[in-house]
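Participant: One structure, as structure tokens, below. Some questions next.
The values are calculated or read from the model by the stated rules, or taken from the named source; none is laboratory data. Fair warning: this is a prediction, and the values are worked out from it, not measured in the lab. Cβ sites come from the backbone with ideal geometry, for glycine too, and all protein chains shown count toward neighbours.
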Amino acid sequence: MSTSNPTAPPAKASTEFTHRQILTILGGLMMGMFLAALDQTIMATATRTIADDLNGFNIQAWATTAFLITSTISTPLYGKLSDIYGRRPFFLFAIGIFVVGSFLCGLSQNMYELAAFRAIQGIGAGGLMSLALAIIGDIVPPRERAKYQGYFLAVFGTASVLGPILGGFFAGADHILWVDGWRWVFYLNVPIGIAAMVVVARVLHLPHQRVDHRIDWPGAVALIVGLVPLLTIAEQGRAWGWDSPRAIGCYVIGAIGLAAFVFAERAYGHEALLPLRLFRNRTIAVGATSSTILGMAMFGGLMTVPLYLQIVKGSTATMAGLQMIPFVFGIMSGSIISGQLIARTGRYRIFPIIGSTLMVAALGLFATIGADTPLWRVMLIMVLMGLGLGGNMQPMITAVQNAVSPREIGVATSSVTFFRSMGGTLGTAIFLSVLFNVLPSKIGGAYQSAQGTPEFQQALQSDPSQAQKLQQIQGGGDLSDTSFLNTLSDAVAHPFKVGFSDGIQVVFLLALAVMIVGLIVVLFLPEIPLSLRSAQQQRADDALAAENSNGVPGEVGAGPLKDEPVPATKDQTQ
């Protein structure tokens, strides 16, 4: 006993963080999160201008899908590797590769180059958000996490407001310093990323005890082989044909890859990239499923709103960014309210349920908007959608982190983030594919209905050139560049806007059906008492207990599955 007691105080002291220390670490995390959040929001309003300039509006999904594929696949790798080697080096690597990818994106000369460079950017993005959330799980107990949630919300809110405005500003400028304005959407990430790396390198110092494990590279390769073909056919199915030879080839390769992934995960056991035993935990299973559905509804549904504002309502890119502020306000309000109530009550289950219900209502209302819907009504629906998202995301992360062993915070957090990104990737690919598949018939039908109206006939007679332009867009138009709308009179352009909004309604109805399933899934989320200790404190206490009982320092760290036969019982006592 005399040899073990002196080791107790240092072990405990090294894992307890004061409020000032937590704020210092948060400073580094906030820089990385700001980088990720800004990129997501700044692209929302600049996408149309970028796609038009690169003559690729109808293939813009490639740029988004490529980013989401690589960020989705890299997310679980970051979680697993950071559990083994520590968070700091991988957080720095994520920022660095994101900066390199951003710089290359600014050099793009066509949409396919942009998609390739966005894929590089996505490799970095996969670690920015998930590692930041994992680090918070390391240093802040679940019950107290809401106290610091406001700092993250401030970063997210600031990026959400600045992003659309900056995206609109850059997209609306022909040239800035002799460079195309939209290219600064990507170049802006470079100085911000460098500053983030400096801050993180200086302030992010966490105690870490390395645990030697095999790295599940076969699982990572199998996951890539499984996901890439399936996500590719999801985006290209409308062009190739869903039963074409290329499509069938993608189905077969994807199925083989997913089967190989499951086999690899079984073979690697607790060292797997995504340990299958985690999903026997009901909280993890519900969290992963609901996050997938939430990602589909969020990315797939909401990405069409800026397109609606710009094409149907005629807003500039900058104005569309400002018009998205009600959505940001809803997210911040929902997150703050749910975070504070969780801190006071210690209960979290009700908030994803309420959030999912609000999202169902919002998507149902979005499905009713048309070309002539007042803008104020669209903005109110944005607020409702934001409230639903705000009540969903952070409480679910808190629930999952609270339900696993402290030694698996990284892999658990990245798993939920992975499935949310996976849902976003599928939603983006599928919903955009559906949108561009229905647009030709919707727009063609709208023009057929408008041809007999006096306003339409008068507009054609007053300007004969309108008839020639109309022939070019009949049946859906050349959707690789929508700037032609600016050359049409209001009467001639209006049917196009009607057809476009009708196509968007189909997307929102599909997102509504998906979100109803998500609401049903969330009802199965269990309520587990929130732990009052951080993951660092729990790891230190477990290691100390092992030393005192076995006299073998570090034994707990070497065997993360030591207490695995009863994970559910352990969860209930936290």
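Participant: Considering A154, A146, A159, A125, which residue is modelled with pLDDT of 80 or more and not hydroxyl-bearing (S, T, Y)?
Facilitator: A125
Participant: What do you reckon, is S102 among the small types (G, A, S), surrounded by 24 or more Cβ atoms within 10 Å (Cβ to Cβ) and within 24 Å of A412 (Cβ to Cβ)?
Facilitator: No; evaluated as a whole, the condition is false for this residue.
Participant: Could you check region 365-402 and list, in sequence order, the residues that are in contact with a Phe, Trp or Tyr (Cβ under 9 Å, 6 or more places away or on another chain) and farther than 20 Å from P306 by Cβ?
Facilitator: G391, N392, Q394, P395, M396, T398, A399, N402
To keep it simple, each residue is scored yes or no on (1) in a loop (DSSP other than H, G, I, E, B); (2) at pLDDT 85 or above; (3) more than 17 Å from V521 (Cβ to Cβ); (4) more than 17 Å from the chain's Cα centre (by Cα).
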| residue | (1), (2), (3), (4) |
| --- | --- |
| G364 | no, yes, yes, yes |
| G386 | no, yes, yes, no |
| Q401 | no, no, yes, yes |
| G423 | no, no, no, no |
| F431 | no, no, yes, no |
| L439 | no, no, yes, yes |
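Participant: Which members of region 305-325 meet the condition of being surrounded by fewer than 20 Cβ atoms within 10 Å (Cβ to Cβ) and under 19 Å from the mean Cα position of the chain (by Cα)?
Facilitator: I325
Participant: Count, please, the residues in region 247-284 that happen to be under 25 Å from T65 (Cα atoms) and in a helix (DSSP H, G or I).
Facilitator: Of the residues in region 247-284, 16 are under 25 Å from T65 (Cα atoms) and in a helix (DSSP H, G or I).
Participant: A further question follows. Quick test of your reading of the structure: I350 fulfils all but one of (1) within 21 Å of the chain's Cα centre (by Cα); (2) surrounded by fewer than 18 Cβ atoms within 10 Å (Cβ to Cβ); (3) not basic (K, R). Name the failing condition by number.
Facilitator: For I350, the failing item is (1).
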